[in-house]
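A.B. asks: Take this structure first; my questions come after.
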Amino acid sequence: MPLLDVQDLKVSFFTEPGETRVVDGVSFNIEPERTLGVVGESGCGKSVTALAVMGLLERPGRIVSGRILYRSRDRTVDLTRLPPRGQEMRSIRGNEISMIFQEPMTSLNPAQTIGTQIKEAIITHQDLGHKGAREKAIHMLRAVGIPAPAKRIDEYPHQLSGGMRQRVMIAMALSCNPSLLIADEPTTALDVTIQAQVLELIEELRKEFRTAILFITHNLGVVAREADDVLVMYLGRVVELAPTREIFRHPGHPYTKGLLVSMPSLTVREKHRLVPIEGVVPDPTDIPGGCVFHPRCPHAMKICRSEIPVLREIAPGHSVSCWLQEGVRS
């Protein structure tokens, strides 16, 4: 059984104008010690899916239907049935499932030292006192490559660089040796040199702690380096799911192909213009009928405007949601 099995997850925001569906029937699973990369443009539902798994959705967001099955250390639980603030969910969140958030400066408490914040997670979930928690926190800061950890542990977030703060977030997330780590665009606010260092660090720690990773990003270069499998989302739906090598060699959905051809390449010698995906992501309050990508798709047919394609397997482990893969012709 997979470590995490998300089945037909639907999440909506309920506001005064009405219900807005932001995650619409998302399904995927993650095996132990493997990395799943989730890619897509901003607003496609990547982060909301992660927050649903963590039980951190806030009003007006709510899980409408679906299941999130997690193979805990002693049982299998449906996370959608656990009260977000209940003891059982709190024993899993931060202990067995941890998350690295996008922006460490807003995720860390500026009024507390980084040591206090790391120790809080350790004391909450592990049988350690303040002295033992401090020693564990120093060990984790050393593990993520922070120099002079015994000194840095008493510093505040504003005294650290962006790269250092992100390393603190990683140390905090891994302090309880979780089975699953959710990394929500952990390199977005960093320059390319620090990005490479953080990615290398995450990979090293994944092997050391034998942790599965749900890696959320809009950067396909990061996916190629980090992920075993790739999930492509668009406007709250899964449009393609495949092993990383397969999706780069044989992309099946027009959106995936558009993402790939819009990437700059260092291996192609001829000068050529990048090909952007025409248009913008539609407003979630005004989702088009049929295939959600059809207003931007160069291959859109009549059926695309009226009927939603089903996610179907076109090769072993490779599934695509597209009428072109069904053999439909306009």
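The values are calculated or read from the model by the stated rules, or taken from the named source; none is laboratory data. For clarity, every value in this text was computed on a predicted model and none was experimentally measured. Glycine also receives a Cβ, built like all others from the backbone with ideal geometry; neighbour counts cover every protein chain displayed. Accessible surface is based on the protein model in full, side chains and every heavy atom, while ligands, DNA and RNA are left aside. Shrake-Rupley method; radii C 1.70, N 1.55, O 1.52, S 1.80 Å.
A.B. asks: Using only the Cα atoms, what convex hull volume per residue in Å³ does the stretch 114-169 have?
C.D. replies: Per residue, the Cα convex hull of the stretch 114-169 comes to 67 Å³.
A.B. asks: Could you work out, for the stretch 1-70, what percent of all Cα-Cα pairs fall into each 5 Å distance bin, beginning at 0 Å and stopping at the bin that holds the largest distance?
C.D. replies: Bins of 5 Å from zero give 4, 16, 27, 26, 17, 7, 3, 1, 0 percent of pairs.
A.B. asks: What does the charge add up to near Leu82, with Lys and Arg as +1, Asp and Glu as -1, over the other residues with Cβ less than 10 Å from its Cβ?
C.D. replies: Summing Lys/Arg as +1 and Asp/Glu as -1 gives +2.
A.B. asks: For the stretch 211-330, how big is Rg over Rh, using alpha carbon atoms and the Kirkwood form of Rh?
C.D. replies: My calculation puts Rg/Rh at 0.97.
A.B. asks: Direction-averaged shadow area of the convex hull around the Cα atoms of the stretch 152-228, nm²?
C.D. replies: 5.3
A.B. asks: Taking the chain as a Gaussian network, Cα atoms linked when under 10 Å apart, which of Gln102, Gln159, Gln117 shows the biggest mean-square fluctuation?
C.D. replies: Gln159
A.B. asks: Anyone know which of Val238, Val292, Val192 comes out most mobile in the 10 Å Cα GNM of the chain?
C.D. replies: Val192
A.B. asks: Another one. For the stretch 107-249, taking Cα atoms only, what is the radius of gyration to one decimal and the Dmax to the nearest whole Å?
C.D. replies: 16.5, 52
A.B. asks: What net charge do the residues around Pro254 carry, taking every other residue with its C-beta under 13 Å from that of Pro254, with Lys and Arg at +1 and Asp and Glu at -1?
C.D. replies: Every neighbour counted, the sum reads 0.
A.B. asks: Need the full-extension length gain, Met1 to Val280, defined as separation in residues times 0.36 nm minus the C-alpha distance. One decimal, nm.
C.D. replies: Contour length minus the Cα-Cα distance gives 96.6 nm.
A.B. asks: Give me D for the stretch 1-135 in µm² s⁻¹, whole number, from Stokes-Einstein with Rh from the Kirkwood sum over alpha-carbon pairs, 4 °C and 1.567 mPa s.
C.D. replies: Value of D from the Cα-based Kirkwood radius: 78 µm²/s.
A.B. asks: For the chain, what % of the accessible area comes from carbon and sulfur atoms, probe 1.4 Å?
C.D. replies: 50
A.B. asks: Given that compact globular proteins tend to follow 2.2 N^0.38 Å, what is the ratio of the alpha-carbon Rg of the stretch 39-82 to that value?
C.D. replies: Relative to the 2.2 N^0.38 Å estimate, the stretch 39-82 comes out at 1.29.
A.B. asks: Something else: Give me the number: length gained by fully extending Lys207 to His130, i.e. 0.36 nm times residue separation minus the C-alpha to C-alpha distance, one decimal in nm.
C.D. replies: 24.9 nm
A.B. asks: Using only the alpha carbons of the stretch 274-330, determine the length spanned along each of the three principal axes and report them from longest to shortest in whole angstroms.
C.D. replies: Over the stretch 274-330, Cα extents along the principal axes are 33, 31, 23 Å.
A.B. asks: Kirkwood hydrodynamic radius of the stretch 76-163 from all distinct Cα pairs, in Å?
C.D. replies: It works out to 14.4 Å.
A.B. asks: Turning to a different aspect of this structure: Using alpha carbons only, how many angstrom separate the centre of the stretch 113-149 from the centre of the stretch 26-101?
C.D. replies: 25
A.B. asks: Let me ask something else. Could you work out the helix-only [θ] at 222 nm for the chain, with each DSSP H run of four or more residues adding -39,500 (n - 2.57) and the total divided by the number of residues, to the nearest 500 deg cm²/dmol?
C.D. replies: -8500 deg cm²/dmol
A.B. asks: Kirkwood hydrodynamic radius of the chain from all distinct Cα pairs, in Å?
C.D. replies: Taking the inverse mean of 1/r over all distinct Cα pairs, the chain comes out at 21.0 Å.
A.B. asks: With the cut-off at 21 Å, tell me which of the pairs Lys10/Lys46; Lys46/Lys302; Lys119/Lys151; Lys151/Lys207 have Cα atoms farther apart than that.
C.D. replies: Lys46/Lys302; Lys151/Lys207
A.B. asks: Let me ask another. Using Cα pairs closer than 8 Å and at least 6 residues apart in sequence, work out the relative contact order for the stretch 233-316, in percent.
C.D. replies: 27
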